[in-house]
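What follows is calculated from the coordinates using simple rules that are stated; it is not laboratory data. Being a predicted model, the structure only gives us computed values, none of them experimental. No Cβ is skipped: glycine too gets one built from the backbone with ideal geometry, and neighbour counts run over all protein chains shown.
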Amino acid sequence: MNKDASKDMSLSEFSARALEAAAQAGIAPAEIFSNSSETFSVRVRGGKLEDYKVSDRLSLTLRGRVGERIGTASTQALDEESLQLLVAGVRESAELIETDEQDDILPPDPAYSAVCNYSEALDDVSAGDKIALAMEIDKRLSAADARIQPDATVVASSGEETILRNSLGLSLSHRSNMIYAYASCLVKEGSQAATGFKLLWGYSPEDVKPWDVADGCAKDALEKLGAVRMASGAYPVVIRNNAMADLLSTFCGVFSADNAQKGLSLLSGKEGETIASPLVTITDDPLMPWGLGSSPFDREGAATEKKHVVEGGVLKTLLHNRKTAKKAGTKTTGNAAGAGRIAPSNLFIAPGDRPLSDLIAAAGDGLLVTEVSGLHAGANPVSGDFSLLARGFEICGGEIRRAVEQITVAGNFYQLLRDVTAVGDDLLFEGSPVGCPSVAVRLLNIAGE
Amino acid sequence: MISHMLTQSICEQVLARALRRGGSFAEIFYEDSRTFGLSLRSGRIENASTSRPRGAGIRVYDALRSIYVYTCDVTPAGLLRAADKAAAAVMDSRGSGRDVVLHETRPADLHPVARSVFSVPAADKAQILREADRAARAVSPRITQVTAGLIAREQHVLIANSEGLYTGDTRTYTRLTCSAIASDGTENQTGTDNPGARMGFELFSTRVDPAASGEKAARTAVTMLDAPYCAAGEMPVVIAGGFGGVIFHEACGHSLEATSVEPGMSEFSGKLGETIAAPCVTAIDDGTMPNEWGSENIDDEGLPTTSLVLIENGVLKNYMIDRLNGLKMGMAPTGSGRRESYAFAPTSRMRNTFIAPGTDDDEEMIRTMGDGLYAAQMGGGSVNPATGEFNFAVQEGYLVRDGKITSPVRGASLIGKGSEILMRIDRVGKNMTMGQGMCGSRSGSVPTNVGQPTIRVSRLTVGGK
């Protein structure tokens, strides 16, 4: 028998022991954050179940004050050795840290709002049902068009519970789950090849209907066939909702007060100023029902609330934790993400009232961008500059003319916000807590041939 | 000694339990790791943390289907429960109820470690970051921000499988990360340098000078601050060695992994023995290089690591193959099965992957290129393996006019298709150097080296403004 492993404790026993050990070591106040998750996923390829994955996972972090500073250490093993590692780790961490930019450990807020993104019924959906769903998507995709070669179809579900406790009487927990399905395919015609992708998600198998996934994937690939390159130049550009969400997600750090205070965002000190087109309103809503990023409390245990970051083009607030709020003389916005970091919850550009077809018609001669890639390399979150491989459709006389590929779209995110000329009505969260409607932009630089 | 992690007898019980209802192969991957991270920003230590990731993954092949169950509960009862979950998914009942007998093997250690980061006093670790910070700030008053990080990881693994394997290894990684921002008040530019190796704290007495690393990051940022935007178009491009090898890694390396070759999702599927690159191109994936960032003793399936010729004088020689894709392809695995942690089933991945040294002269290739771009420092990139389309950022680029390097340019990116760029390489220099990266794919993020000598591509699309 394994000596160490056989001594593992339950989560509640270990948490209590860790808080005790911290108190004895002079770590006060102290906090335990734990995250337990369960996932299930299957992948189908060529009519066959290819991959079957099940997991349960746990991680636990001890934070606590030693003298002036707050130290941090974490573990996935709930045994005696970990108790010692956590206490020693918190002490070494507190000894090394020289800044005050740690999340504070405080008593609970007076009240927390309720928000639901957990479906009990989803926990009862069987493995067999999820496999059948994946098979059905794959089958429909194969039948959709003779030119289509389905790649992989994945159906997955996950659930997690976070618990935050501290020695000052705070005790919070939040539970969430979700299901998602996606399919990818390759389509070949002559020397042309293109890939298709479609993802749907929700809280019930009803949210990921096989036909919607398969048809979406096939359509995505087929409409890219016959793609050509475009002449280089500056064009009016419509960025489709999914691609705009990828951009906002990459650059959302510009709204972090921590980045602003450290000179890593050009929005520092710009509250109250116009930083975007009057058509642009950007909202962070942690209390959005059934939102992927919803939670009644943040990583510091602060109660969360809905707020406009940008309203009618004016920067209303940056996203704060307690430390950055104190520095700026304001109150936290409930966006602490741990380790002094700040992150949005559900962040989105508020939809306008015009359909995508209107945006395309108004663009005249230009480009509809449907896909951007290379965001981790081609986008500089500090300067706002981006130069990204893109795909999309050429717009001629206000109508889609043909697919384009192998182009780069270059610009600057700050400038892009100012250059928005229309906002679509098609707000989309594509399996991410950052969502966008389609957006029309005055001009962006396209490099093609 | 690996039995302090999981005893042979527990592994035998768990593997037999996983194969209770059938299945052709079962495996346990157990890990108990220590990580340390330290970061400095605005001249002060901002973050210091340790963690202990621990868990186990159990894999069963059900015919050619992979079943993977992982858990943080590594008590015998927890592991048997995970084995039951895996067994419950098995459909092919052939070979059920087999006994498993294990034999311990110990791999030779090709990558000795002199000094564990976990035994180094806190102040000495902080000192490394202060040296990098000071050197970066000394480059120019326009350096407004420096972020430096020290990352260390000791991964203790045990791998056992139903073919009798019972083995283990300790992988030690140490890395410095430096990022400098130069600003003129309205605009910011970033430069980075992130050297690392499969070794301990001796990294800083043998291979990496923190001050040199900070200075290099700062110089790139300052140079780019003064640079005008790069003009877009097609042109010859010379790509410097070291991290310049990311272009081969992304545009070609991923397409030679069985993960994309086996299902026919790679442009190089079915092309063994064919010419896929210019004759001056030989490319290698080598896990044996002593103490290199992407090196191994055994892969994450317990097989000894290897050195593999991918392309020889332009001809495709080998794919990188993991065990399961090997079964599907009818080919032997190449010791290329890798995974980020127990939370991932392994798949074929790169290790230290580079274009081998050639015979050309660096100076000559620029002198004879006419007008084009010199990419002195590459950023990251991505690729669609099915079509080979890639996109790389050029972190530090220079315009070449009439065979002479002239002004720096910013915002350039290189785009194209992997199969095309391989054929268009027309010069390969003599000195191969490598750079470190974390490579992301289906089995998570793993340390890999990219590398090459200076090379020239006769024609490439440069994206810019």
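Could you tell me how far the Cα centroid of the stretch A:146-187 sits from the Cα centroid of the stretch B:331-385, in Å?
32 Å
For the stretch A:121-222, evaluate the Debye formula with one uniform point scatterer on each Cα (no solvent term) and list log10 I(q)/I(0) at q = 0.21, 0.25 Å⁻¹, rounded to two decimals.
Summing over Cα pairs of the stretch A:121-222 leads to -0.96, -1.19.
Which value, in debye to the nearest 20, describes the size of the charge dipole of the stretch A:1-83 about its Cα centre when Lys and Arg Cβ atoms bear +1, Asp and Glu Cβ atoms bear -1, and nothing else is charged? Working shown, then result.
Values: 11 positive and 13 negative charges, 75 e Å.
About 360 debye.
With a Cα-only, solvent-free Debye model of the stretch A:145-296, what are the log10 I(q)/I(0) values at q = 0.18 Å⁻¹?
-1.20
With only alpha-carbon atoms counted, please give the Rg and Dmax of the stretch B:66-171, in Å.
According to the Cα coordinates of the stretch B:66-171, Rg and Dmax are 23.4, 71 Å.
Within 10 Å of each Cβ in A:386-399, how many Cβ atoms from other chains are there, averaged over the peptide?
3
Taking square-rooted eigenvalues a ≥ b ≥ c of the alpha carbon gyration tensor, is chain A rounded, prolate or oblate, where a/c under 1.5 means rounded and, failing that, a/b exceeding b/c means prolate?
oblate
Can you divide the C-alpha Rg of the stretch B:1-144 by 2.2 N^0.38 Å and report the result to two decimal places?
Details: Rg = 22.8 Å, N = 144, 2.2 N^0.38 = 14.5 Å.
Normalised by 2.2 N^0.38 Å, the Cα Rg of the stretch B:1-144 equals 1.57.
Normalised by the number of residues in the stretch A:255-348, what is the relative contact order in percent for Cα pairs under 8 Å and 6+ residues apart?
Averaging sequence separation for qualifying contacts and normalising by length gives 33 percent for the stretch A:255-348.
Return the calculated 222 nm mean residue ellipticity for the protein assembly as shown, to the nearest 500 deg cm²/dmol, obtained by summing -39500 (n - 2.57) across DSSP H runs with n ≥ 4 and dividing by the residue count. Mind showing how you got there, number by number?
On the way: 19 runs with 189 residues, N = 914.
Taken over the protein assembly as shown, the calculation gives -6000 deg cm²/dmol.
Can you list which of the trypsin sites (Lys or Arg not before Pro) found in the stretch B:62-154 are DSSP loop residues with at most 12 other C-beta atoms within 10 Å? Don't jump to the answer; show the numbers that get you there.
On the way: sites: B:R65, B:R81, B:K85, B:R94, B:R98, B:R115, B:K125, B:R130, B:R134, B:R137, B:R142, B:R153; in loops: B:R94, B:R98, B:R115, B:R142.
Loop-located and lightly packed - B:R94.
Please give the per residue volume of the convex hull enclosing the alpha carbon atoms of the protein assembly as shown, rounded to a whole number of Å³.
Looking at the protein assembly as shown, the number lands at 151 Å³ per residue.
Throw me the Rg/Rh for the stretch A:340-445, computed over C-alpha atoms with Kirkwood Rh, two decimals.
Rg/Rh: 0.97.
Give the shape of the stretch B:339-465 as rounded, prolate or oblate, defined through the alpha-carbon gyration tensor: a ≥ b ≥ c are the square roots of its eigenvalues, a/c under 1.5 means rounded, and otherwise the shape is prolate if a/b is larger than b/c and oblate if not.
prolate
So which of A:K224/B:K271; A:K48/A:K198; A:K270/B:K417 end up more than 31 Å apart, counting from Cα to Cα?
From A:K224/B:K271; A:K48/A:K198; A:K270/B:K417, over 31 Å: A:K270/B:K417.
Using only Cα atoms, figure out Rg for the stretch A:255-348 and give it as a multiple of 2.2 N^0.38 Å.
Taking N as the residue count of the stretch A:255-348, the ratio is 1.02.
Output the Kirkwood hydrodynamic radius of chain B, Cα pairs only, in Å rounded to one decimal.
With all distinct Cα pairs of chain B included, I get 23.5 Å.
Who wins for biggest fluctuation among A:D284, A:D138, A:D207 in a Gaussian network model of chain A, springs between alpha carbons below 10 Å?
Taking springs between Cα atoms under 10 Å, the residue moving most is A:D207.
Compute the angle between helix B:210-225 and the longest alpha-carbon principal axis of chain B, please, reported from 0 to 90 degrees and rounded to the nearest 10.
With rounding to tens, the tilt is 50 degrees.
By count of other Cβ within 10 Å, fewest leading, how are B:K317, A:K53, B:K404 ordered?
Going from least to most buried by this count: B:K404, B:K317, A:K53.
Restricting attention to the stretch B:45-109, which chymotrypsin sites (Phe, Trp or Tyr not before Pro) occupy a DSSP loop and are surrounded by at most 10 other Cβ atoms within 10 Å? Working shown, then result.
Numbers: sites: B:Y61, B:Y68, B:Y70; in loops: none.
Loop-located and lightly packed - none at all.
At most 16 other Cβ atoms within 10 Å and a DSSP loop assignment: could you name the GluC sites (Glu not before Pro) in the stretch A:18-105 that fit? Provide the component values of the computation, followed by the final result.
Values: sites: A:E20, A:E31, A:E38, A:E50, A:E68, A:E80, A:E81, A:E92, A:E95, A:E98, A:E101; in loops: A:E68, A:E98, A:E101.
Of the GluC sites (Glu not before Pro), the ones in loops of the stretch A:18-105 whose Cβ has at most 16 other Cβ atoms within 10 Å are A:E68, A:E98.
Measuring from centroid to centroid over Cα atoms, what is the spacing of the stretch B:395-424 and the stretch A:318-340 in Å?
Taking the Cα centre of each part, the stretch B:395-424 and the stretch A:318-340 sit 42 Å apart.
Using +1 on the beta carbon of Lys and Arg, -1 on that of Asp and Glu, and nothing else charged, what's the dipole of the stretch B:303-346 about the Cα centre, debye to 20? Write down the numbers at each step before the final one.
Details: 5 positive and 3 negative charges, 22 e Å.
Using only the charged Cβ atoms, the result is roughly 100 debye.
Take peptide A:176-184, look around each residue's Cβ out to 10 angstrom, count Cβ atoms belonging to other protein chains, and average those counts. Numbers along the way, then the final one.
Working: counts 0, 0, 0, 0, 0, 0, 0, 0, 2.
Going residue by residue through A:176-184 and averaging, the value is 0.
Report, as an integer, the average count of C-beta atoms from other chains found within 10 Å of each Cβ along A:404-410.
That works out to 5 on average.
With point charges of +1 on the Cβ of Lys and Arg and -1 on the Cβ of Asp and Glu, referenced to the Cα centre of the protein assembly as shown, which listed residue (B:P228, A:F348, A:N380) lies farthest in the positive direction of the dipole?
Result: B:P228, furthest along the dipole toward the positive end.
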